[in-house]
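Only the coordinates and a few stated rules stand behind these numbers; no lab work does. Because the structure is predicted, anything quoted here is derived from the model rather than measured. Here the Cβ positions follow ideal geometry from the backbone for every residue, glycine too, while neighbour counts run over all protein chains shown.
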């Protein structure tokens, strides 16, 4: 079957076609096939939830439970689970096999794990494209699940309308959250596995830390307790997500977030195209020759971009 | 004092001027001051050692001990310790204060901690520029110490001639190393704190994993045992680094690594200049307008780069 046929089936709501389209993006190394580009005009209907937190916090279990709750309300759900744990082997260590038992048994919940191929930057980009595809496919809720460690994963979380930070009550975890910058990006905090000792203390500690933040605006991120493996706390999480969504919509922040996301996407695609055009064989040869000769890198760069038209009228 | 005066002092070997110059780079957000650019013609004399591994593996202690051994041989040492643990607060959590007791008491060892400001990518770039500055300053050995978690830190480690991966013998650690891609980048592995139980087993496990790698070439990464806090294993590490250096020099790989590094640096600076010229007010306005209107990002990108001269002769 050719690409256009797959895209036609995608437009008809075919799940295999959806899976295929996401594979193109995942394997494309940041390149989106030409035939697929038109669908990106229709991005922007889904509500996007980012779920992040340290490894072992129970993010997958929580996302599965949340997905099923949305399903019970009749909403369709798409999940992109970013697994950056294997940047070199080319496959997810906790790949799709582990996730066979996840919410995916319900055809209304589409779950896709994406692992790093090459750079984390490429992964973040592919995950965001895949989220756009789920949005266009018609999923009501798109969940981006990532491990909150590196900058790129934080970028993925920021691509969401609402970001849920999942932590566990072990001592030191809230300090870790501060370190990883998770405090700054969370709209809602969930203290998972909160049947463990010290859960109350950890929740209080988190609340205090959040209240200290100066730039809170109108939304003080709530700290919820959950035991995701038993479904506890998940209805409250869904309600809080709805409240946050309403808050965003009413304050105009939802629209601004979406415009900002489109702005970044345009910039990203433009820069990629531009650099691909710039590095023609002549310029690559000049770069390589200068590197061989040990020329001053700033002088060579200045020479290469010299005369480049800065003004729009010039090109 | 103006910049040129600081640079003159830097050229005379003044340590305060070295510190000042590195601050310019650290605070410049990826921009190198114009007056400083000429010195980058003289990069390429120092032997560069990357030291990476998970948090708590004892990298700092090992780097300090190794630095002192190099000093005992009469070599000067510069250390750039990258601390990415605080991407948002704007300062290192384990900053310079903690490192007051480090090898830095010997004026022949210059130690600088760099924390993330803004993006990790910017940090990796600044760390590499700082390593270049130490090289030009005349340090014989430049050590880049990073936490081995994200892609950018791996990039920093790859900027070295030899990369040392420091692990601890706790069970599961070698699996973690696989995950983080550390196996692929290590030229030498050090099992630190190897007075702990299970150290021998962990070393064997690591060796087996390394032997399974298909693309080993002529250098099979050795696995050394150390107790860095007592200085044990550090003379062996220094000897092994010398062997690796000799191996790189004799095989031609050392020269190739350095050319490759210069090539990447030229490309990086060129692209930064190019993009700064490209995003003039007209193009930024078009991008923002398209984002507001929800236009197809690929169409807008195509329009923005249309007519951009791909061939060198065209500009």
How do B:282-289, A:236-243 rank on mean C-beta neighbours within 10 Å, highest first? A:236-243, B:282-289
Could you sort the peptides B:42-54, B:2-14 by per-residue average Cβ neighbour count (10 Å cutoff), highest mean leading? B:42-54, B:2-14
For residues of B:252-265, the mean tally of beta carbons on other chains within 10 Å: 3
For region B:254-305, just say rounded, prolate or oblate: build the C-alpha gyration tensor, square-root its eigenvalues into a ≥ b ≥ c, call rounded for a/c under 1.5, and beyond that prolate if a/b exceeds b/c, oblate if not. prolate
From the label point of residue A:218, set 7 Å from Cα along Cα→Cβ, how far away are the matching label points in the other copies, in nm, ordered shortest to longest? 6.8
So for region B:185-315, what are the equivalent ellipsoid semi-axes in whole Å, largest first, each being the square root of 5 times an eigenvalue of the Cα gyration tensor? 51, 21, 15
Per-residue mean of other chain beta-carbon atoms within 10 angstrom of the beta-carbon, peptide B:38-46? 2
Using a simple spin-label model with points 7 Å from Cα along the Cα→Cβ vector, what separation in nm is obtained for residue A:259 and residue A:208? 4.1 nm
Could you work out, residue by residue across A:285-292, how many beta carbons of other chains sit within 10 Å of that residue's beta carbon, and then give the average as an integer? 4
